[in-house]
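Below you'll find the structure, written out as structure tokens, and then a few comments.
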Amino acid sequence: MLLLIKSLLSNFFRHSYAKTASFTAQVGAIYTLAISQDGQILASGGSGGVKLWNLRTRKEIGYSGTNQDLYGTVSCAMWIKPSHRATNVLCYGTGLGYLIFIQQNARNANFQEICAQRLRDGREITCLAWDPSWSDGGARIAVGMRDSIVQVLLLDSHSKLQSVFAGRLNKTVPKSIAFVDHDEIYVFGLFDGNVIRMKAADGTILREHHCSSVIGYAAVNTRKRLVVIDNAANGFTLYRLDRLDAIRTYLTAPPTVPVPKQVAFGEDARLIIGGSDNGRVYLFNRKSGELLEMLYHSNTGLVQAVAVRDVDGRCIIASASPTAGRQCVSIKVWARNYDLQKTKPGQQLSVLSGLWATIQFIAPFLFFVVLGLFSFGVGFGVARSDNLNIVDWATNIPQISRLCAMLQERGALAGHPFRAADIVKTRIPDSEQVNNIPGPIAETLDSLNALTMEELAHRFMDLARMADNRVMDEPDNVKALSDKVIYL
């Protein structure tokens, strides 16, 4: 038991993201998220236009975009830093072909539009890229469109767009686009597996590749010369950028909804981070392929929009998912300080805040550990020596049992049956057991934060699923569970 607890805690501290913010957008859908270069502002885009939040104060930032209804649904967005401007600029594209740039006003911190232009025939803008190496003034932008158009534009110092080139691909519809080595562009085709390499100056096609999988979304890391792709089948596939040969696939639960899910690199390309259609955000070790964490966003549903930003040794992850039965979308933000040597002095408070959030999150779990050991000693039935199984033990705790049963009734595990669910359903203690819990302990249980309890219940449900897959051929349940655990 003690070895299992030690394994759980060591894995938790080794790699765990703390939730730092949660927002609700009163819109029907969000298709894109973007975190500013300094990690201070989160932008979302979808059917309700653009919305912005300050991640430090957790308050919405004003945007005086009076023409948002005319521009159409926001399809993609990114933050850029033009050489002639001191502040970050948000660039976004829409379903009606508008390319818009907005900037924060120094006087009142609200955002205002500085440039808006409809491109060509007004077809949907499917992807955007910014060239951070561009030093000739302004900002160089690459755009992909639904009608197979690829073009490069320059935003000059007067906030005017100038066309560098525009051309139509043969059949490929751009889904992702990236500047590589200053003078080249890589275009990733939607679902056809085509990768086209072209000159950024005039659009000359240099080479065409074909991936071994379809492309739902692609993220490029130029420093490592890697690209990770949502393969829309069984997870995410990592390729070498130059030769497009597959390195490994990061397996997720089989998707039930055939839609693209965004994926990104994190922690200086140590992690592969991607969405799902089961309410989770997956975090994989890039080199080993190990699943490190699953961040709980919602009970079920599509987590299509994911954004990641590394800032001074701190990795920030944002995800969005629609709320069932309501015209609103939940946005959640997590963060982790993965390299304290890079953390600036001004960020020490955020480091302490993250540590405090971690302590708050694991406090209930530690309490249950103490309670379980105490119960084992005095014998009021929470833990039994003849069946030392963490799932059995956890589901004997009244609050965990009730929450697990409630999740079952909600249908949170629809389509994912597991035998441990039968344990969960039968482990709700009777009133005599509950009444026998000492008064101070019962009061502490009742005072625990409900949201934390629900998230803890979800972690135990995930642990139960994994246990069923691992203990069928393992006589020693404790050993099997300690080999691989869900990080709480």
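The values are calculated or read from the model by the stated rules, or taken from the named source; none is laboratory data. It should be emphasised that the depicted structure is a prediction, and the values quoted were computed from it without experimental measurement. In this analysis, Cβ positions are derived from the backbone assuming ideal geometry, glycine residues included, and neighbour counts consider all displayed protein chains. Note: areas computed on protein heavy atoms with side chains; ligands, DNA, RNA excluded. Shrake-Rupley method; radii C 1.70, N 1.55, O 1.52, S 1.80 Å.
Pick out, from Leu42, Tyr71, Gly97, the residue whose Cα sits farthest towards the positive end of the charge dipole of the stretch 35-159, with +1 on the Cβ of Lys and Arg and -1 on the Cβ of Asp and Glu. In the stretch 35-159, that residue is Leu42.
Please find the FRET efficiency linking Ala246 to Asn105, where r is the Cβ-Cβ separation and R0 is fixed at 35 Å, and quote it to the nearest 0.05. For R0 = 35 Å, the calculated efficiency reads 0.15. Computed extension gain for Gln26 through Thr87, at 0.36 nm per residue and net of the alpha carbon distance, reaches 19.2 nm. Counting Lys and Arg as +1 and Asp and Glu as -1, what is the net charge of the other residues whose Cβ lies under 14 Å from the Cβ of Gly49? Neighbourhood net charge equals -2. Protection proxy ranking, highest mean first, for peptides 234-247, 217-230: 217-230, 234-247, where packing is the per-residue count of other beta-carbon atoms within 10 Å, averaged.
Once a ≥ b ≥ c are taken as the square roots of the eigenvalues of the Cα gyration tensor of the stretch 210-284, is the result rounded (a/c under 1.5), prolate (a/b larger than b/c) or oblate (a/b not larger than b/c)? Cα axes put the stretch 210-284 in the oblate bin.
Charged neighbours of Pro260, selected by a Cβ distance under 15 Å, balance to -1 (K, R count +1; D, E count -1). Of the solvent-accessible surface of the stretch 170-236, computed with a 1.4 Å probe and all protein chains present, 44% belongs to carbon and sulfur. Rounded if a/c is under 1.5, else prolate if a/b is larger than b/c, else oblate: which is the stretch 171-234, with a ≥ b ≥ c the root eigenvalues of its Cα gyration tensor? Since a/c reaches 1.5 but b/c is at least a/b, the shape of the stretch 171-234 is classed as oblate. The distance separating the Cα centre of the stretch 207-256 from that of the stretch 59-91 comes to 29 Å. Residue pairs exceeding 22 angstrom between C-alpha atoms, taken from Lys51/Lys160; Lys59/Lys342; Lys199/Lys261; Lys175/Lys199; Lys171/Lys199: Lys51/Lys160; Lys59/Lys342; Lys199/Lys261. Amide H to amide H distances under 5 Å link Cys127 with Gly144, where only residues 5 or more positions off or on other chains count and H is placed in the peptide plane.
Sorting 51-62, 260-271 by average packing, meaning the other beta carbons within 10 Å per residue, from highest down gives 260-271, 51-62.
Of the peptides 43-50, 166-173, 136-143, 272-279, the order by per-residue mean of other Cβ atoms within 10 Å, starting with the highest, comes out as 272-279, 43-50, 136-143, 166-173. Amide H contacts for Arg248 (H built 1.01 Å from N in the peptide plane; partners 5 or more residues away or on another chain; cut-off under 5 Å): Leu238. Figure legend: label point modelled 7 angstrom from the Cα of Asp181 along Cα→Cβ; residues of the stretch 234-275 with amide N under 19 Å from it are 239-246.
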